[in-house]
């Protein structure tokens, strides 16, 4: 699924397109919501707890609808304070984007519905693709600095029924740090190590792959073309905007 830098950069684009007071009233909470489904890196809970999506289920799924069914108090913005409204609006962008990536990129290109489904390298290429998508989204340094400043200026949201308040407090720091990461390959080894080892890379091959990230990235784009990724971004952004607008209006 797209990495957190991509979630932040794309949430910013959606916010600009929406130009709605409910989002602009607390951009920091909106951006925090756009990353919060991945808070399991702190909580260690199953992904389905915050994504409302079962990766083992190949039928149609709608995480937003499932979240509101499970927690109906969140479904009506008029019953929430401004920060929580912006947070949930951002949260929707994450759920919509992840689901679009799973169904349109990951599963048909690298996952169980792909020609690579039996190839141990499939997850390596998927992660290399995600890293490069994220790196490119970070290249607008002014935009990412704006996102980081908004997160740091916001107060932590509380009262989200499936995320403990103390974890949301910690997540402000995590999200701000993510927004401040450079658009380079300095994190490539750390992000790829586990996947390369899982694919059977020996230490020498692992070092070679991490010293030349472009090799794996070119290979990934050989599976999913750059044109296909651009089309994905256009379609996913339209979906995110429509879902948030429907929620707020």
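The values are calculated or read from the model by the stated rules, or taken from the named source; none is laboratory data. All values reported here derive from a predicted model rather than from experimental measurement. Every residue, glycine as well, gets a Cβ built from its backbone with ideal geometry; the counts of neighbours run over all protein chains shown.
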**Q.** Members of region 1-53 that are closer than 21 Å to residue 68 by Cα, buried (at least 21 other Cβ atoms within 10 Å of the Cβ) and more than 15 Å from the chain's Cα centre (by Cα)
**A.** 23, 29
Q: Look at residue 98 and say whether it is assigned to a helix (DSSP H, G or I), surrounded by 21 or more Cβ atoms within 10 Å (Cβ to Cβ) and at pLDDT 95 or above.
A: yes
Q) How about region 1-28: which of its residues are in a helix (DSSP H, G or I) and closer than 22 Å to residue 173 by Cβ? A) 4, 5, 6, 7, 8, 9, 10, 11, 12, 15, 27, 28
Q.
Going through 146, 118 one at a time, which residue ends up being part of a helix (DSSP H, G or I) and either buried (at least 17 other Cβ atoms within 10 Å of the Cβ) or out of contact with any helix residue (DSSP H, G or I) (no Cβ under 7 Å at 6 or more places or on another chain) (or both)?
A. 146
Q. Counting only residues that are under 18 Å from the mean Cα position of the chain (by Cα) and within 30 Å of residue 79 (Cβ to Cβ), how many does region 196-249 have?
A. 9
Q) in contact with a helix residue (DSSP H, G or I) (Cβ under 9 Å, 6 or more places away or on another chain), closer than 23 Å to residue 34 by Cβ and at pLDDT 95 or above: does that describe residue 141? A) no
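For region 210-227, give me each residue that is part of a helix (DSSP H, G or I), free of Cβ contacts under 8 Å to residues at least 40 places away in the same chain and within 29 Å of residue 97 (Cβ to Cβ).
Selection gives 210, 214, 215, 218, 222, 226, 227.
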Q: State whether one or more residues within region 168-182 are farther than 28 Å from residue 33 by Cβ and surrounded by fewer than 21 Cβ atoms within 10 Å (Cβ to Cβ).
A: no
Q. How many residues are assigned to a helix (DSSP H, G or I) and either within 17 Å of residue 98 (Cα to Cα) or without any contact (Cβ under 8 Å) to a residue 60 or more places away in the chain (or both) when one looks only at region 29-69?
A. 24
